[in-house]
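Visitor: Have a look at this one before I ask anything.
The values are calculated or read from the model by the stated rules, or taken from the named source; none is laboratory data. Keep in mind that this is a model prediction, so the values were computed, not measured. A quick note on method: Cβ atoms are made from the backbone with ideal geometry, for glycine too, and the neighbour counts reach across all protein chains shown.
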Amino acid sequence: MTLEQLTELTEDPKNFLNRCKHYEQRIKLKQKQIQHYRDLEYSVTATIKEASAYTRTVSSKIENCSTAIIVMEEDIQKEIEQIKRDRLLIQEAINLLDNEDLRQILEARYIYEMKWEEIALLLEHSYRWTLRLHGKALKNISQKAKEAILSHI
């Protein structure tokens, strides 16, 4: 990890660990837009059969939809690559912790995107205890990042 990433982890560990979530939300929105364009494309091709006199405008609409879909799919691929890089960073940050339970909580929450109830069941802890351990894990990971920064200097 770079010093900048370690500093970010020290200052706001929860935000650092949540960095993939933003990309995933954007990907879902783009997928909905792609589906919208595909539906539009389909409805436009259906009208081609009905009105062959307007093929120029209809074909340009199809072309515009296809172009928009291609651009969005390329954006999604770039964001997926960014998610992969960020997941490796998150795993590297989680590996700073010595305590296995704390690592498991952070992995379950930030890598596997499990709900708190699922994490509590997995670790056989109560819901409240799981949340307390999560808070402890965030404090510990922040402290470990500070130690890593000091060892770089």
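Visitor: Please count how many residues of the stretch 102-130 are within 21 Å of His22 (Cβ to Cβ) and not in a helix (DSSP H, G or I).
Guide: 4
Visitor: Residue by residue through the stretch 140-153, note down the ones that are touching a helix residue (DSSP H, G or I) at 6+ places or on another chain (Cβ under 8 Å) and surrounded by 12 or more Cβ atoms within 10 Å (Cβ to Cβ).
Guide: Asn140, Ile141, Ser142, Ala145, Lys146, Ala148, Ile149
Visitor: Still on this model: Report, ordered by the first and then the second residue, all pairs with beta carbons closer than 8 Å, sequence separation of six or more or different chains, a first member in the stretch 60-88 that is over 14 Å from Asp39 (Cβ atoms) and of a type in the set (S, T, N, Q), and a second member that is surrounded by 14 or more Cβ atoms within 10 Å (Cβ to Cβ) and at pLDDT below 90.
Guide: Close Cβ pairs satisfying both conditions: Gln82/Tyr23.
Visitor: For Leu133, indicate whether it is under 26 Å from Arg19 (Cβ atoms), modelled with pLDDT of 90 or more and touching a helix residue (DSSP H, G or I) at 6+ places or on another chain (Cβ under 9 Å).
Guide: Considered against the rule, which asks whether it is under 26 Å from Arg19 (Cβ atoms), modelled with pLDDT of 90 or more and touching a helix residue (DSSP H, G or I) at 6+ places or on another chain (Cβ under 9 Å), Leu133 comes out as yes.
Visitor: Going residue by residue through the stretch 109-132, is there one that turns out to be among the hydrophobic types (A, V, I, L, M, F, W, C), within 20 Å of Glu8 (Cα to Cα) and surrounded by 13 or more Cβ atoms within 10 Å (Cβ to Cβ)? Quick ask: steps written out before the conclusion?
Guide: We begin by selecting, within the stretch 109-132, every residue among the hydrophobic types (A, V, I, L, M, F, W, C); these are 111, 114, 116, 119-123, 129, 131.
Retained after the next criterion (residues that are within 20 Å of Glu8 (Cα to Cα)): 111.
When the remaining residues are screened for being surrounded by 13 or more Cβ atoms within 10 Å (Cβ to Cβ), the result is 111.
Yes: one or more hits.
Visitor: Criterion first (surrounded by 12 or more Cβ atoms within 10 Å (Cβ to Cβ), among the small types (Gly, Ala, Ser) and at pLDDT 85 or above) does Ala68 satisfy it?
Guide: no
Here's the yes/no breakdown for (1) modelled with pLDDT of 80 or more; (2) more than 21 Å from the chain's Cα centre (by Cα); (3) under 16 Å from Ile141 (Cβ atoms); (4) of a type outside the set (Phe, Trp, Tyr):
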site: Phe16; (1), (2), (3), (4): yes, no, yes, no
site: Gln25; (1), (2), (3), (4): yes, no, no, yes
site: Gln33; (1), (2), (3), (4): yes, no, no, yes
site: Ser43; (1), (2), (3), (4): no, yes, no, yes
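Visitor: Checking the structure you have, find out if any residue of the stretch 47-64 is within 30 Å of Leu138 (Cα to Cα) and either surrounded by fewer than 15 Cβ atoms within 10 Å (Cβ to Cβ) or modelled with pLDDT of 80 or more (or both).
Guide: Checking the stretch 47-64: not a single residue is within 30 Å of Leu138 (Cα to Cα) and either surrounded by fewer than 15 Cβ atoms within 10 Å (Cβ to Cβ) or modelled with pLDDT of 80 or more (or both).
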